[in-house]
Amino acid sequence: MKENTHKYRKISDWSNLRKRYLAFWRKELLDDKPIIQIQNPKAICPEAEPWMLEASSEKYLCPGKNYKYQMWGRSQWSWHADLFQYLVPGMFGPMSFLAFCGCKPVFEKQTVWYDPAISSLDETDRIHFDSDCENWRLFLENLKYYADKTAGEQQIGIPVDGCPMDWVATILGVEKFLMATLEEPDKLSEFAMRLAGEYLEAYDAFYPLLISKNDGVSNWLPIWTDRQLISVQDDIAINISPEMYRDLFLPALRKIAGHAPLSSLHWHDGARQHLEWIVETPEIKLVQLGHDPASPSFTEMLGDMRKIQQAGKYLFISCVKANEVKYFIENLDLRGLAMIIDARNDAESAQIEKDIATWTRTRRSFIPEK
């Protein structure tokens, strides 16, 4: 096992936590618990400075301001158990790769978004990853700032995920994108595959800087590993059939996910129709299944969660309500299982952690053999 030489001022128990995450990847249990990340809102929170509540590019692109803004956001929550302190550099938002491809970011109060950049697929030659562009230069500067600032303080997360379908839909605009799935599917697929390849150029450039002063790496879920990790997602897939996704976008998603030894897929239960190709895709190692508020109870997803585990994949479920935790502990394979749990306050968080240890000890003899 790799010796841990890192210490973090904001993660006092990092040595034990890293052991627990390494055991997770081996599909082993430590301390009578799977990986459990428990969060609850703080009763008293620091007041925001006025600029933090405004829409401006400065609070995203100025390294010092963006760091302070992110730390204020984190200050609203108490984190317990396996939920470690971490930050994800958030300069250009969830679709940040587009900022390096000629798309113009729109800096809003709470996030960064992008207006459509082209009017048809005949204009895709205008969209390319440009390592000489100003946004890429700013991104690397900010990432270096974060790498230096978090060193010895807290974990740092992957700032740019791979989202081939989401990228194309954002670049075209959703309405034109959906029309193109019917009228020009081959062009869509080719465009997505090209963007996937260009994203990997960017990933290979920023990843060494991301981990330069850190112990391993996390992503925004967060999950931590001492191995190379890549994250993928495609939220807008809720709007198309599994067959269409397989044909048009799965090749690009597989290209990205297969680029590193470990990959995590963020997916919503509202798009559960895609489960079959997810469990059949070998490049996807971990599935983070998120719960949409408009979906049925999360516990109704148990059958799909079991399919994910039976396919040999790691399962990360979020966000689990406090009254659902025991059900999942009693009905899922606890090896290779992680979950984020929402609690109301610190006392409830502490009680949940104790209860999980009790429920796990009761359940351990009933975990099916590999």
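The values are calculated or read from the model by the stated rules, or taken from the named source; none is laboratory data. As the structure is a computational prediction, the values presented were derived from the model and not from experiment. Reconstructed Cβ throughout: ideal geometry from the backbone, glycine too, with neighbour counts over all protein chains shown.
Answer yes or no as to whether Met244 is at pLDDT 95 or above and under 29 Å from Ile356 (Cα atoms). No; evaluated as a whole, the condition is false for this residue. Can you name the residue in the stretch 112-150 that is closer than 17 Å to Tyr60 by Cβ and of a type in the set (Lys, Arg) and, of all such residues, is surrounded by the fewest Cβ atoms within 10 Å (Cβ to Cβ)? Top of the filtered list is Arg137. Candidates are the residues of the stretch 163-181 that are of a type outside the set (A, V, I, L, M) and either in a helix (DSSP H, G or I) or at pLDDT below 95 (or both); the one that is surrounded by the fewest Cβ atoms within 10 Å (Cβ to Cβ) is Glu175.
This table checks each residue for (1) buried (at least 19 other Cβ atoms within 10 Å of the Cβ); (2) closer than 20 Å to Glu153 by Cβ.
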| residue | (1), (2) |
| --- | --- |
| Ile211 | no, yes |
| Asn219 | yes, yes |
| Thr225 | yes, yes |
| Gln233 | yes, no |
| Ile238 | no, no |
| Glu243 | no, no |
| Pro251 | no, no |
| Lys255 | yes, no |
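Do you know which residues across the stretch 299-349 are of a type outside the set (Gly, Ala, Ser) and touching a His at 6+ places or on another chain (Cβ under 7 Å)? If the condition is that a residue be of a type outside the set (Gly, Ala, Ser) and touching a His at 6+ places or on another chain (Cβ under 7 Å), then Cys319 is the only one that fits.
For the stretch 271-300, filtered to residues that are aliphatic (A, V, I, L, M) and part of a loop (DSSP other than H, G, I, E, B), the residue that is nearest to Ile230 (Cα to Cα) is Ile284. Checking each residue in the stretch 222-245 for being in a loop (DSSP other than H, G, I, E, B), under 16 Å from the mean Cα position of the chain (by Cα) and among the aliphatic types (A, V, I, L, M) picks out only Ile223. When restricted to residues that are under 24 Å from Phe129 (Cα atoms) and touching a residue at least 40 places away in the same chain (Cβ under 8 Å), the stretch 218-246 contains 12. Selection over the stretch 60-109 of residues that are free of Cβ contacts under 8 Å to residues at least 12 places away in the same chain and either among the hydrophobic types (A, V, I, L, M, F, W, C) or part of a strand (DSSP E or B) (or both) gives a count of 2. Based on what the data block shows, is Gly303 part of a helix (DSSP H, G or I), among the small types (Gly, Ala, Ser) and farther than 16 Å from Ala81 by Cα? Taking the combined requirement at face value, the residue satisfies it. Hey, can you tell me all the residues within the stretch 309-326 that are assigned to a helix (DSSP H, G or I) and either of a type in the set (Val, Ile, Thr) or surrounded by 15 or more Cβ atoms within 10 Å (Cβ to Cβ) (or both)? Selection gives Gln309, Ala322, Glu324, Val325, Lys326.
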